[in-house]
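Inspection log for the structure reproduced underneath, given as structure tokens.
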Amino acid sequence: MIETFPLVDGEPFPTLYWLTCRRASQAIGRLEAGGVMGKLTEEVRHNTGLADELLAADADYCGRRDALHKLEGAGGVGGGPSDRVKCLHAHYAHELACGCNPIGRWTAEQIGDVQTPPPCV
């Protein structure tokens with residue numbers, strides 16, 4: 001996982017943490033292809049505890065990104081809105097970086113320890 005600056009070639013780029021591990025990316029891609037995004041979004045909409053955790057994760061993410069360069073209206077994790085799960089890769093990378101993302105934590109539980117052995121680079 002790498003941290004990226006919120007501007008690329010002068011254009012806004014809301015993804016702060018970029019997942020670099022191919023094994024993790026592939027495993028998460030399989031999850032997304034299986035249709036979990038809609039299910040997770042519904043869970044967030046109906047589970048106030050999870051919704052509150054996701055709002056806190058978005059606030060953490062935006063705060064870290066804005067400390068580098070403020071992006072008005074860029075959304076939360078991966079540029080997504082707080083009431084919809086967008087890009088499990090971004091949520092997982094945020095969880096790896098900060099340990100505060102409930103969707104990233106769920107994703108980690110689903111894919112298992114794909115980063116060892118050997119570690120991804």
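Going through (i) 25, 17, 12; (ii) 19, 18, 14; (iii) 21, 19, 12, the figure that equals semi-axes √(5λ) of the Cα gyration tensor in Å as computed for the structure here is (iii).
Work out how much length residue 26 to residue 68 would gain on full extension: take 0.36 nm times their residue separation and subtract the Cα-Cα distance, in nm to one decimal. Kindly include the intermediate steps, with their values, before the conclusion.
Details: separation 42, 0.36 × 42 = 15.12 nm, distance 2.91 nm.
Extra length from residue 26 to residue 68 when fully extended: 12.2 nm.
The candidates 111, 103, arranged from most to least accessible area with a 1.4 Å probe in the full protein assembly, appear as 111, 103. Relative protection proxy for 22-31, 79-88, from highest mean packing down: 79-88, 22-31 (other beta-carbon atoms within 10 angstrom). Once the C-beta distance of residue 114 and residue 39 is scaled by a Förster radius of 22 Å, the resulting FRET efficiency is 0.55 to the nearest 0.05.
The values are calculated or read from the model by the stated rules, or taken from the named source; none is laboratory data. Predicted model, so just to flag it, every value in this text is computed and none were measured. Ideal geometry is used to build each Cβ from the backbone, glycine not excepted, and the neighbour counts take in all protein chains shown. Accessible surface is based on the protein model in full, side chains and every heavy atom, while ligands, DNA and RNA are left aside. Shrake-Rupley method; radii C 1.70, N 1.55, O 1.52, S 1.80 Å.
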